Amino acid sequence: MLFNNRNTSEVNTLFNLAKENASQPFSFDEIADLPKPVQKYFRFALGKRADRDYILSTRFEGWFRLKETQRWSLINGVDYYSVNCPGFVWVAKIKMSALFWFTVKDCYLKDEGELLAKAYSLFPVASAKGPEIDQGELSRWLSSAVLFPEALLPNDNLTWEPLDDYSARLLFSYKNIKIDAVIYFGRSGEIVRFVTDRYASETDKFEKWSAYYKSYADHNGRKIPTEVGAVWHFPTKNFHYARFRFANIDFMPEQK
């Protein structure tokens, strides 16, 4: 069972926060001064879309592992993202063997991050909070914004800087957390990789981390990836630990 009463309450809180942060209709005038590859991305991802949605929900499945020496385990889950302000709730079931599985919850809610893992959804095996977790979960929301591109438009917290024809720097500042990411683009304008520094519990310090995106498809007037993966770039090795495919993607529109 993925969702308990607490998770349901957290999703309701996320919905309320997203509704409170109403957005304005999108105009391509907003991107006129952005670096060329970023302009190309928004024209690719948003097309002629004007309206904005406030919540994205997905169901996903794929593979996950905790250590490089560990075999890949099946994973499936559900998540919800606020489009208008940073926030998400992500809950997954990881099947380690025929007889053992555990659930993991990641979230960023009311400006705080949290990680919680339970064996059989009952017995806590890991829990983490604090400034480093806040930074990591906020980085995760920002990297997931490729699924809801409106969140990557320039605003008081987010700016873009030019690098070259196929990359740009994304600077994001929120609640005293600063994220400096390099974004790489494909030939059609799609985002293919997000690279930043993120806190790693394995080394107890900030390490290079990246997310990658594949198999773009049309969803509710947007082009977004349907496959994603994540990699830690440690000084002596790259650790590829997650790859997901979205089985279902839903956008919830703002009420007029």
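For the range 23-40, name all the residues that are out of contact with any Leu (no Cβ under 8 Å at 6 or more places or on another chain), touching a residue at least 60 places away in the same chain (Cβ under 8 Å) and part of a helix (DSSP H, G or I).
Taking the range 23-40 as the starting set, the residues that turn out to be out of contact with any Leu (no Cβ under 8 Å at 6 or more places or on another chain) are 23-25, 27-29, 32-34, 36-40.
If we keep only those that are touching a residue at least 60 places away in the same chain (Cβ under 8 Å) as well, we get 23, 34, 36-38, 40.
Hits for the range 23-40 are Lys36, Pro37, Val38, Lys40.
Within the range 25-42, can you find the residues that are farther than 18 Å from Arg169 by Cα and modelled with pLDDT of 90 or more?
So in the range 25-42, the residues farther than 18 Å from Arg169 by Cα come out as 25-29.
The answer is none; no residue qualifies.
Mind listing just one residue for me: the one in the range 86-111 that is without any contact (Cβ under 8 Å) to a residue 60 or more places away in the chain and in a strand (DSSP E or B) and, of those, most open to solvent (accessible area, probe 1.4 Å)? Steps first, answer last, please.
Quick first cut of the range 86-111, residues without any contact (Cβ under 8 Å) to a residue 60 or more places away in the chain only: 90, 94-102, 104, 106, 108.
Applying the additional criterion that residues be in a strand (DSSP E or B) yields 90, 94-95, 101-102, 104, 106, 108.
Values: Trp90: 13, Ile94: 4, Lys95: 99, Trp101: 55, Phe102: 18, Val104: 20, Asp106: 13, Tyr108: 0 Å².
Filtering first and then ranking leaves Lys95.
State yes or no: is Phe64 modelled with pLDDT under 90, over 19 Å from His219 (Cα atoms) and open to solvent by 20 Å² or more (accessible area, probe 1.4 Å)?
Numbers: modelled with pLDDT under 90: no; over 19 Å from His219 (Cα atoms): yes; open to solvent by 20 Å² or more (accessible area, probe 1.4 Å): yes.
No; evaluated as a whole, the condition is false for this residue.
From the list Tyr81, Tyr54, exactly one residue is open to solvent by less than 40 Å² (accessible area, probe 1.4 Å), within 23 Å of Asn16 (Cα to Cα) and over 13 Å from the mean Cα position of the chain (by Cα). Which is it?
Numbers: Tyr81 fails: over 13 Å from the mean Cα position of the chain (by Cα).
So the residue among Tyr81, Tyr54 that is open to solvent by less than 40 Å² (accessible area, probe 1.4 Å), within 23 Å of Asn16 (Cα to Cα) and over 13 Å from the mean Cα position of the chain (by Cα) is Tyr54.
Kindly establish whether Ser188 is open to solvent by 40 Å² or more (accessible area, probe 1.4 Å) and at pLDDT 95 or above. Don't jump to the end; show me each part of the working.
Details: open to solvent by 40 Å² or more (accessible area, probe 1.4 Å): yes; at pLDDT 95 or above: yes.
When the stated conditions are applied, Ser188 passes them.
Taking into account only those residues within the range 117-135 that are over 24 Å from Asn16 (Cβ atoms) and assigned to a helix (DSSP H, G or I), which is most open to solvent (accessible area, probe 1.4 Å)? Walk me through how you get there before you give the answer.
Filtering the range 117-135 for residues over 24 Å from Asn16 (Cβ atoms) gives 117-128, 130-132, 135.
With assigned to a helix (DSSP H, G or I) added as a condition, the list becomes 131-132, 135.
Details: Pro131: 100, Glu132: 80, Gln135: 19 Å².
The extreme case among them is Pro131.
Which of the residues spanning the range 146-173 are assigned to a strand (DSSP E or B) and in contact with a Leu (Cβ under 9 Å, 6 or more places away or on another chain)? Give the steps one after another, and end with the answer.
Pass one, the range 146-173, residues assigned to a strand (DSSP E or B): 155, 158-164, 167-173.
Those that are assigned to a strand (DSSP E or B) and in contact with a Leu (Cβ under 9 Å, 6 or more places away or on another chain): Leu158, Thr159, Trp160, Glu161, Pro162, Ala168, Arg169, Leu170, Leu171, Phe172, Ser173.
If I filter the range 17-33 for residues that are open to solvent by 20 Å² or more (accessible area, probe 1.4 Å), more than 17 Å from the chain's Cα centre (by Cα) and at positive phi, do I get at least one hit?
Scanning the range 17-33 turns up no residue that is open to solvent by 20 Å² or more (accessible area, probe 1.4 Å), more than 17 Å from the chain's Cα centre (by Cα) and at positive phi.
Looking at (1) open to solvent by less than 50 Å² (accessible area, probe 1.4 Å); (2) within 18 Å of Leu147 (Cα to Cα); (3) assigned to a strand (DSSP E or B); (4) not aliphatic (A, V, I, L, M), which is the one condition that is false for Glu114?
(2)
I'd like the full set of residues that are among the hydrophobic types (A, V, I, L, M, F, W, C) and open to solvent by 40 Å² or more (accessible area, probe 1.4 Å), limited to the range 69-78. So that I can check it myself, show each step before the final result.
The first filter runs over the range 69-78 and keeps only residues among the hydrophobic types (A, V, I, L, M, F, W, C), leaving 72, 74-75, 78.
Once the filter is applied, which keeps residues that are among the hydrophobic types (A, V, I, L, M, F, W, C) and open to solvent by 40 Å² or more (accessible area, probe 1.4 Å), the range 69-78 yields Trp72, Leu74.
Could you tell me whether Arg140 is within 25 Å of Ile75 (Cα to Cα) and either in contact (Cβ under 8 Å) with a residue 24 or more places away in the chain or not in a strand (DSSP E or B) (or both)?
On the way: within 25 Å of Ile75 (Cα to Cα): yes; either in contact (Cβ under 8 Å) with a residue 24 or more places away in the chain or not in a strand (DSSP E or B) (or both): yes.
Against the criterion (within 25 Å of Ile75 (Cα to Cα) and either in contact (Cβ under 8 Å) with a residue 24 or more places away in the chain or not in a strand (DSSP E or B) (or both)), Arg140 qualifies.
Could you list all residues from the range 246-256 that are of a type outside the set (Phe, Trp, Tyr), closer than 18 Å to Ala92 by Cα and crowded, with 16+ Cβ neighbours inside 10 Å?
Restricting attention to the range 246-256, the residues satisfying the condition of being of a type outside the set (Phe, Trp, Tyr) are 247-250, 252-256.
Applying the additional criterion that residues be closer than 18 Å to Ala92 by Cα yields 247-250.
Correct list: Ile249 only.
Within the range 210-256, work out how many residues are farther than 23 Å from Gly189 by Cβ and among the aromatic types (Phe, Trp, Tyr).
Count: 4.
If you go through the range 112-137 one residue at a time, how many are among the small types (Gly, Ala, Ser), over 30 Å from Leu152 (Cβ atoms) and without any contact (Cβ under 8 Å) to a residue 60 or more places away in the chain? Step through it out loud before you land on a result.
At the first step, the residues of the range 112-137 found to be among the small types (Gly, Ala, Ser) are 113, 117, 119, 121, 126-128, 130, 136.
Retained after the next criterion (residues that are over 30 Å from Leu152 (Cβ atoms)): 119, 121, 126-127.
Then drop every residue that is not without any contact (Cβ under 8 Å) to a residue 60 or more places away in the chain, which leaves 119, 126-127.
Here the count works out to 3.
Do we find that Arg222 is open to solvent by less than 70 Å² (accessible area, probe 1.4 Å), at pLDDT below 95 and basic (Lys, Arg) in this structure? Don't jump to the end; show me each part of the working.
Details: open to solvent by less than 70 Å² (accessible area, probe 1.4 Å): yes; at pLDDT below 95: yes; basic (Lys, Arg): yes.
So Arg222 fits the description; yes.
The values are calculated or read from the model by the stated rules, or taken from the named source; none is laboratory data. Computed from a prediction, not measured in an experiment: that's the story for all the values here. Counting neighbours? That spans all protein chains shown, and the Cβs are built from the backbone with ideal geometry, glycine included. These accessible areas exclude ligands, DNA and RNA; they are computed on the full protein's heavy atoms, side chains included. Shrake-Rupley method; radii C 1.70, N 1.55, O 1.52, S 1.80 Å.
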